[in-house]
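A quick write-up on the structure given underneath.
The values are calculated or read from the model by the stated rules, or taken from the named source; none is laboratory data. Values in this document were obtained by computation on a predicted structure and should not be read as measured data. We place every Cβ from the backbone using ideal geometry, glycine too, and count neighbours over all the protein chains shown. The accessibility values were calculated without ligands, DNA or RNA, using every heavy atom of the protein model including side chains. Shrake-Rupley method; radii C 1.70, N 1.55, O 1.52, S 1.80 Å.
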Amino acid sequence: MIAHAGLWLLGLSATAALFLTLLPITEKHYPQQQISRWQNTLAVTHFLSLACALAMLIQAMATLNFSLEYVVDHTSVRVPMLYRVTGTWGGHEGSLLLWTTIVAGWMLLFLWKSQDHDKSRLSLSFIAAISLGFHCLLWLSSPFVAIEGSIPADGNGLNPMLQDIGLALHPPILYIGYGGIIAICSQIMAALWLRQPIDKWLHSVHQMTMSTWGWLTLGIALGCWWAYMELGWGGWWFWDPTENGSLMPWLTLTALLHANLLSRKGIRAGHAITTLAITSLGLMLVGMFIVRSGVMASVHSFTRSPALGTTILAFTLLSTGIGFLIQVLRPPVERVSQKRLSRTDIGLIASIIIFVMACATVLLGTLYPIVLDVLNLGKISVGAAYFNTFFVPMTLAAALLLALCDKTLNLKALTALLTLSLALGCAASLGVLGEASFLSISSLSIASLVTVNEVRKFTLFGFRSATLAHIGLAVAIAGSTLSDLGLESMDLRMAPYQRAQLGDLQFRFTGTTPVIGPNYLSDLGFFDVSDSSRAITEIRPEKRLYPYFGQVMTEVGNQPGLSRDIYIALGEPFDDGSWAVRLKIIPFISLLWIGALLMVIGGWANLLIRPLLSRRKPTNSNPVGKGFSTTALSKNTAVTLNTTNISHWEK
């Protein structure tokens, strides 16, 4: 019964998406009001049918309805209720249904926000066309396939690696970001098709890009935190192909944000904006191909289906091909720019180039092994050495440009700022790491440079959404540098009541005790951590056995702190009662999470602050009227701001 109802709902949503795709064709034959009513009805029907299908699948997972193959494969009576629910998107079919529902939600949001009916109709048509592609994938791998024969009494269970709170947060938030990319690209395609001037649609695209960038940043950051806490090796980024699949559209989306700023400053950047939007969509679908085709082994991979992989690849080529074809046939309409490029403009252009080059580097390292394997030219793996060699310098160069190309800094002020930042970088490197390597000094100096400069601009010009994002980038650079170069680690064998010294900390292993969990058997370890003067904490790592799944998982014990994390993982037990143990002291990794949070807030700040500012009562303090000019002076800089066309906090 539930299988037929789910398939019927998916068929209804696909039908609504098909009619939405074709709706612009009827404009010449029916009144606009009638078409608008159809559009609203179809969009709501499309979303509600998908939402109901998703709710039915969640209910089936929660109530253990083993009449569905998907429920049998991804849960069991031993799985706790929370993980039954989150297990709904723990497999390929359920996660694809969630993703498609989120895309439909973006469609409704765009319909609610849009005031341009012509562009709204075409944008919904483009989004619906993408949604149809998702429905084709759902048709190939539906979560509502009924079990054949007798209904089993129990299921296979959920992968123990997915039985974590990270599954409840990371995939849905990442899919919200991916849905935003589809909405951005569809909005631009509609504007190009209608030959609308870029000034007419740039603001709304920029707002949506900032929101999407915030969601995607949050999703990636949660994935890093999940890997850090769950996998037991103490790292947060492994350059896994699936991790790269989410990083690449984030890089092009970041470049798109900067291209939007160029256009808002009166510089012709329409083709760059369009190309980056289409490329972001294509890279998002490439990530889908990597995860769902099974071409590469990964902890994130869902399936190994050649037919599904071929369909996704065709979907990717078709979507991006149509996008670039529209760009060629109906190029962006923008005014001829007579403006001379300032130092800030050159910095924006250079940063866009760096982000694109970084994305190309990641794309090459990710796809090169796949191409060799497909052509039977051998199997290779591209590891962290390749990515770090190219990606780290590009990241530091992009951060350095934030200060070097700041037109509010004259030569004297820039020299003073560079000197101060170099001193801070050397002090941090020597004080925390105890060394003065080129990488540590350059990374920490650039992080200090960006932070000090952004704080300076805040004191001069007030709050800008970019201020938090740039400071977040600098803080994240500092956190990744200090945690990587300052890491203290020890792998050893410890018997009960044995002590070990790592850095300035002493670890005392007091033994383990057996624990029976909801669906696992666990050995819970106890470690007393102290320094030379006092006891600090007790840390309890676990080694879990999921007998029905036949898998052993490491649950790390972690004592987080602002200046350092104390990280312990249990390995394998020995016959004499001793254990393999991994001890780590990870300095200032908290800065990585703080930096990511600041970037997310920076991406959303403009959307949160603008409504608050619009509610303020107008004052007569501006005699000029719509625009005003403010002169801000300091010892090292003199800046004149004109905010007739753009508020400084929106930049």
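For the stretch 346-424, with all protein chains in place and a probe radius of 1.4 Å, 78% of the accessible heavy-atom surface sits on carbon or sulfur. For Val291, the shell of other residues with beta-carbons less than 11 Å away shows a net charge of -1, using +1 for Lys and Arg and -1 for Asp and Glu.
Within the accessible area of the stretch 34-139, the carbon and sulfur atoms contribute 66%, probe 1.4 Å, all protein chains present. Solvent-accessible surface of the stretch 43-102, taken per residue with a 1.4 Å probe and all protein chains present: 28 Å². Note on surface exposure: Ser437, Ser483 rank Ser437, Ser483 by accessible area, highest first, 1.4 Å probe. Remark: the stretch 1-106 carries a charge dipole of roughly 200 debye about the Cα centre, counting +1 on each Lys and Arg Cβ and -1 on each Asp and Glu Cβ. Charges were assigned to the Cβ only: +1 to each Lys and Arg, -1 to each Asp and Glu. The resulting dipole of the stretch 486-593 about its Cα centre is roughly 120 debye. Classify the chain as rounded, prolate or oblate from the Cα gyration tensor: take a ≥ b ≥ c as the square roots of its eigenvalues, call it rounded if a/c is under 1.5, otherwise prolate when a/b beats b/c and oblate if not. Oblate, since a/c reaches 1.5 and b/c is not below a/b. Dipole magnitude for the chain: computed about the Cα centre from +1 point charges on Lys and Arg Cβ and -1 point charges on Asp and Glu Cβ, it is near 3100 debye.
Of the whole protein surface, Asp565 contributes about 10 Å² of accessible area at a 1.4 Å probe radius. The residues packed around Thr26, meaning those with a beta-carbon under 14 Å from its beta-carbon, carry a net charge of +1 if Lys and Arg are +1 and Asp and Glu are -1.
When the pairs Lys119/Lys265; Lys379/Lys584; Lys28/Lys265 are compared against a 31 Å limit on Cα-Cα distance, Lys379/Lys584; Lys28/Lys265 fall above it.
Ligands, DNA and RNA are left out, and with a 1.4 angstrom probe the accessible area of the stretch 120-237 is 31 Å² per residue. Residues in the stretch 437-442 carry Karplus couplings, in order, of 6, 4, 5, 5, 5, 5 Hz; the curve used is 6.51 cos²θ - 1.76 cosθ + 1.60 with θ = phi - 60°, and Gly or Pro positions show x.
Put simply, the amide H of Leu502, placed in the peptide plane, has neighbours under 5 Å in Phe507, leaving out anything fewer than 5 places away on its chain.
Taking amide H positions as modeled 1.01 Å from N, with prolines and chain starts lacking one, the residues under 5 Å from Gln551 and 5 or more places away or on another chain are Tyr546.
Taking only protein heavy atoms and a 1.4 Å probe, what accessible area per residue, in Å², does the stretch 393-540 have with all protein chains in place?
46
Separation of the stretch 507-542 and the stretch 452-488 by C-alpha centroid, Å? The distance from the Cα centre of the stretch 507-542 to that of the stretch 452-488 comes to 36 Å.
Distance between the C-alpha centres of the stretch 168-243 and the stretch 330-365: 19 Å, rounded to the whole angstrom.
Local charge for Ala227 was computed over the other residues whose Cβ lies under 13 Å away, with Lys and Arg +1 and Asp and Glu -1, and equals -4. When the Cα convex hull of the stretch 357-402 is projected onto planes of every orientation, the mean area is 3.2 nm². Counting protein heavy atoms only, the stretch 503-580 has 50 percent of its accessible area on carbon and sulfur, 1.4 angstrom probe.
Is the shape of the stretch 124-224 best called rounded, prolate or oblate, per the rule: a/c under 1.5 gives rounded, else a/b larger than b/c gives prolate, else oblate, with a ≥ b ≥ c the square roots of the Cα gyration tensor eigenvalues?
Since a/c reaches 1.5 but b/c is at least a/b, the shape of the stretch 124-224 is classed as oblate.
Under 12 Å Cα to Cα from Lys457, which aspartates and glutamates show up? Leave out anything in the same chain fewer than 8 places away. Output for Lys457: Asp406. The 1.4 Å probe gives accessible areas that order Ile516, Ile151, largest first, as Ile516, Ile151. Taking amide H positions as modeled 1.01 Å from N, with prolines and chain starts lacking one, the residues under 5 Å from Gly511 and 5 or more places away or on another chain are Tyr497, Phe526. For the stretch 35-50, backbone phi angles converted through the Karplus equation (6.51, -1.76, 1.60; θ = phi - 60°) give residue-by-residue couplings of 5, 5, 5, 4, 4, 4, 5, 5, 5, 5, 4, 4, 5, 5, 5, 5 Hz, Gly and Pro being listed as x.
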